[in-house]
Structures are given as structure tokens and as C-alpha cells.
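Peer 1: Quick one: the structure is below, questions incoming.
Nothing in this text is a laboratory measurement; each read-out follows from the coordinates by a stated rule. Just so you know, these numbers come straight off a predicted model, no measurement behind them. Virtual Cβ from ideal backbone geometry, glycine too; neighbours counted across all protein chains shown.
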Amino acid sequence: MSETRWRAFQEAQAIDGRLLRVIAKLAPRGPRAAIAGRAPRVTPKTRAKVSVVIPCYNYGHFLREAVESALAQRGVEVEIIIVDDRSTDDSREVATMLADRHPEVQLVVNTENSGHVRSFNAGWMASSGEYAVKLDADDLLTADSLSRAVALFEAHPSVGLVYGHPRHFESAVAPAGRVSDVHWTVWGGREWLGERCRLGVSAITNPEMVLRSSLLRASGAMNPTVAYAPDMEISLRMAALADVGYVGGADQALHREHAGSMSETDGSGTLVDLEARRAAFSSALQELTNNVESVRFHRRADRALAEDALRFAAAAADRGRDRGEYMRLLEFARGVHPDSVDWPVYRRLASRSRVAGIDLLRSIGRKAARRARQETYFSRWMVSGV
């Protein structure tokens, strides 16, 4: 999602949330909630321990701010584990200084560069909290976000994952998290998972997600083979095993947009994104022990990914890009969902010998339809979290 669109939607939400709610109503309804309404409380009854694991590779200039956002959490006991992934900048020195100053902070140093997923797993293995958070070193938690999440966990023991709204920003100074009337939504895990399969995309970016540690221990840590969508995979896997909770009415985390982030470097690109999502669904849906349900969810996710690939292909063709770009997307669609070769959009794109000479009016119409669909679902996500 481009920063321009994030900013436009967040400004609209800040000015008048009614605009988003109106647009969101145009999208098909999301999964039926088991529980929805104003949060009866926003602080836990007990002072639970939350382990905040911060993988860090050459993010020494961001690290202090991330740690301080975790140290500032009220209503919970915070355990912060920084995992230095053999950084070549001053990350280890910054981490050591923070650990020396704050007893809540400890440092784990990888013996070799292992990547952010294995780094999280190493930190999590050293943790002792009832709940766990993966906080990348360039992101931040908002004030009292962990307290709000743990209060929901306490009230609903069937919930294995709690998330909320992440505010994206690219300014040098992080914005303050917004809080209004906090409300909770709890979905049955399979209901929530089925909707993610139907749409083919994640509802979670990462730092706004809190996991129940006992469930994580039973299921296993993050999957390092899902290199570019491990957070999506773990959220889908938790939903296959437990219910899912959402904290509305508050920004639960701050996600920093910058040129050096993985989403802008190694993890960028349409096909990289599609393959990452495919791997996430494939891994997470192994948790479904009911074979009929597993097949149904797999087919639903595969169809959604094929539809996305064809939307991207049509957009590439309408922009007049080289035929090879959208032919690779057609190949992905055919590979993930063979029935897609019979869809009109597939046949239309596959029959083109060149991209030039596209009917301008039809191209404009298709672009408008794609944008309208994207805006309505994005608005629904901004309002409801799904």
C-alpha cells in the first residue's frame, strides 16, 4: 500500500470517520463477529508479563525509540529482548547501553546473520511472558496498546491473537497514537481465517499483533521458510487454532515507512508479494485437521490469489507495460488456480500479442472498477479490521 494512500485515508479518518464508514458499507460484509461492542475495560485485572522481541539488523538509529515505546507501556510487566542479527552499524552498542540502563531489557546476539524471522524465534525462545509481540526495530508501540490487548485476552480466554489498527508514518518524528472510544470484536478463528482466504490478503502488518504464548508454543514459532510474509502466516495459523480479537478505536502500533525497509527492498514486487502470500496460506492451513475444510480453504485462497494476479496483470496491460510482465502474472494465476484459464479476463489477456492499441475507454473503466473495489475493502479494513 503506497504511503500516499495511507496518508489520504488516515487524514480522512482523522477529519471525519463517517466518510470511511460510508465507503466501507459498500464492501461485502465481513465475517460474523461472536462478540462486538464497547470494551468493558482497557486495563488488565492482573499485571501480566508481555515479551516484546525486537529483531535488529543495522537499525541502531531506530532502536532506542522502539525500546522506549515498549518501556512506556502501563498496566503490564514488559520483558524486552533485543536480538542483534550481526549488525555492522552501532546496533549492538545501542542495545548494550539500553540493557545496562533498563533491567527489563536483555540482549541476544546471533552467532551469524540469520534474518528477522529466525532472530524473532531466538528471542522468543529466551522469553518468559504470557504474551508475545514481534516489534521490528524501526516500528513502535503506541501508549497503552499492550494493556488494551491483554485486557481483551483476559476477558476472552478462547482468543489466541489480538490485533488493532496500525498507523503508518514516514515523518522523522513519530506521530502520537490516536485513541477514542475503544471497542472489542471477537471472531471465531475459522470465520476470520475463511475471510482472509476469500480475500487472499493479510489483515495484519506486524507490530499491532499480540500472541498468546501458550498457543505459540503449542503451534511452533514463526516459519522462516515464509521469508516475506511470516507475520501473515503466524496470524493465519493462530486463527486456525483459536479465536481472533480486535481492539478498535485506537492505534495499536506505529509502522514506519522508509526506503530501507524490507517492504521497499528485498520484499518488494508484485510477484514476490503473491508468492509470499501463497506460501503463508500453504503453511498456515496445514493446521486444519479437517480434510474437507482444509481443501475448501485452500481452494478459496488459491482462487483469491489468482484473481489478484489477474487484476495486477490487467493493470499492467492497461498501463502499456511490456507483455512479459503480465504474462508472468498469468502464469502465476494458472499455476495457483488452474481453473482461472477459463475466466474471461484470463482469455482476454492471454490472447493479446502486444499491449499497444488498448481500447482507452475500456481501460479507464477497468481501472475505475479496480480502484473502487480496492477503496471499499480498504475502508472496511480501516473501520473494522477485516
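Peer 1: Evaluate the distance, in nm, between pseudo-label points positioned 7 Å from the Cα of ARG370 and of LYS25 along their respective Cα→Cβ axes.
Peer 2: 2.9
Peer 1: What ranking do TYR377, TYR57 get, fewest neighbouring Cβ atoms within 10 angstrom at the top?
Peer 2: Working: TYR377 19, TYR57 22.
Ascending number of Cβ neighbours within 10 Å: TYR377, TYR57.
Peer 1: Going by how many other Cβ atoms sit within 10 Å of their own, how do LEU271, LEU199 line up, fewest first? Intermediate results must be reported in sequence, preceding the final value.
Peer 2: Values: LEU271 14, LEU199 20.
Lowest count first: LEU271, LEU199.
Peer 1: Applying 1/(1 + (r/R0)^6) with R0 = 22 Å to the Cβ-Cβ distance of SER158 and THR46, what FRET efficiency is obtained, to the nearest 0.05? Walk me through the numbers on the way to the answer.
Peer 2: Working: r = 18 Å, r/R0 = 0.82.
Step by step, r from the Cβ atoms, then E = 0.75.
Peer 1: Give me the net charge for the shell around MET209: Cβ to Cβ below 10 angstrom, other residues only, Lys and Arg +1, Asp and Glu -1.
Peer 2: Values: positive: LYS134; negative: GLU208, ASP231.
That works out to -1.
Peer 1: Kindly work out what percent of the DSSP beta bridges joining two residues of segment 33-257 are antiparallel, to the nearest 5. Before the final figure, lay out each step's value.
Peer 2: Values: 18 of 45 bridges.
Taking every DSSP beta bridge with both residues in segment 33-257, the antiparallel ones total about 40 percent.
Peer 1: Testing the spin-label approximation: label points 7 Å from Cα along Cα→Cβ at ARG18 and GLU77. State their distance in nm.
Peer 2: 4.8
Peer 1: Right, another one. Need the full-extension length gain, ASP342 to ARG86, defined as separation in residues times 0.36 nm minus the C-alpha distance. One decimal, nm. The partial results should precede the final answer.
Peer 2: Values: separation 256, 0.36 × 256 = 92.16 nm, distance 4.97 nm.
Working it through step by step, the gained length comes to 87.2 nm.
Peer 1: Here is a further query. If you add up the charges near MET125, with Lys and Arg at +1 and Asp and Glu at -1, over every other residue whose beta carbon is less than 14 angstrom from its beta carbon, what do you get? Kindly include the intermediate steps, with their values, before the conclusion.
Peer 2: On the way: positive: ARG118, LYS134, ARG217; negative: GLU79.
Summing Lys/Arg as +1 and Asp/Glu as -1 gives +2.
Peer 1: Now for a different question. Can you compute the FRET efficiency between SER180 and HIS102 using 1/(1 + (r/R0)^6), with r the Cβ-Cβ distance and R0 = 25 Å? Round to the nearest 0.05. Walk me through the numbers on the way to the answer.
Peer 2: Numbers: r = 31 Å, r/R0 = 1.25.
Computed FRET efficiency for SER180 and HIS102: 0.20.
Peer 1: Also, quick follow-up: Pull up the cross-link candidates among the lysines for LYS25, meaning alpha carbon to alpha carbon under 18 Å and not fewer than 8 places away within one chain.
Peer 2: List returned: none.
Peer 1: Have a look at the DSSP beta bridges in the chain and tell me what percent are antiparallel, nearest 5. Provide the component values of the computation, followed by the final result.
Peer 2: Numbers: 18 of 45 bridges.
In the chain, DSSP labels about 40 percent of beta bridges as antiparallel.
Peer 1: Tell me which of ASN223, ALA72, GLN286 sits at the most positive position along the dipole axis of the chain, charges placed on C-beta atoms (Lys, Arg +1; Asp, Glu -1).
Peer 2: Result: GLN286.
Peer 1: Continuing with the same structure: Can you give me the distance in nm between label points at ARG319 and ALA259, each placed 7 Å from the Cα along the Cα-to-Cβ direction?
Peer 2: Label at ARG319, label at ALA259, 2.0 nm between them.
Peer 1: Straight-line reach from LYS134: which lysines have Cα under 25 Å away, leaving out those fewer than 8 places along the same chain?
Peer 2: LYS45, LYS49
Peer 1: Taking the Cα centre of the chain as the origin and placing charges on Cβ (Lys, Arg +1; Asp, Glu -1), which of GLN106, PRO157, ALA306 is farthest toward the positive end of the dipole?
Peer 2: Most positive-ward Cα: ALA306.
Peer 1: Also, quick follow-up: Given Cα pairs under 8 Å that are at least 6 residues apart, what percent is the relative contact order of the chain? Show your work: numbers first, answer last.
Peer 2: Working: 709 pairs, mean separation 74.0, N = 386.
Relative contact order of the chain: 19 percent.
Peer 1: Let me ask another. Taking only C-alpha pairs under 8 Å that are 6+ residues apart, what is the relative contact order of segment 167-251 in percent? The partial results should precede the final answer.
Peer 2: Working: 78 pairs, mean separation 46.4, N = 85.
RCO, segment 167-251: 55 percent.
Peer 1: If I histogram all Cα-Cα distances within the chain using bins 10 Å wide from 0, what percent of pairs lands in each bin?
Peer 2: All Cα pairs considered, the percentages come to 5, 23, 32, 26, 12, 3, 0.
Peer 1: Could you give the size of the charge dipole of the chain about its Cα centre, using +1 on the Cβ of each K and R and -1 on the Cβ of each D and E, expressed in debye and rounded to the nearest 20?
Peer 2: Values: 52 positive and 48 negative charges, 412 e Å.
Computed about the Cα centre, the dipole is about 1980 debye.
Peer 1: Same structure again: In percent, how large is the relative contact order of segment 33-257, given Cα pairs closer than 8 Å and 6 or more residues apart? Could the numbers behind the result be given before it?
Peer 2: On the way: 514 pairs, mean separation 63.3, N = 225.
Reported relative contact order: 28 percent.
Peer 1: Ok, one more. So for the chain, taking the charge dipole from beta-carbon charges (+1 Lys/Arg, -1 Asp/Glu), which of CYS197, PHE120, THR96 sits furthest toward the positive end?
Peer 2: Final value for the positive-end residue is CYS197.
Peer 1: Arrange the peptides 288-294, 77-83, 43-49 so that the one whose residues have, on average, the most other Cβ atoms within 10 Å appears first. Mind dumping the intermediate values first?
Peer 2: On the way: 288-294: 11.9, 77-83: 23.1, 43-49: 14.6.
Peptide ranking by packing, descending: 77-83, 43-49, 288-294.
Peer 1: Here is a follow-up. Which cross-chain or sequence-distant (5 or more) residues have an amide H under 5 Å from the amide H of ILE204, H modelled 1.01 Å from N in plane?
Peer 2: Residues meeting the criterion, in which the H sits 1.01 Å from N, do not exist here.
Peer 1: Would you mind ranking TRP184, TRP192 so that the residue whose beta carbon has the fewest other beta carbons within 10 Å leads the list?
Peer 2: Numbers: TRP184 26, TRP192 29.
So the ranking, lowest neighbour count to highest, is TRP184, TRP192.
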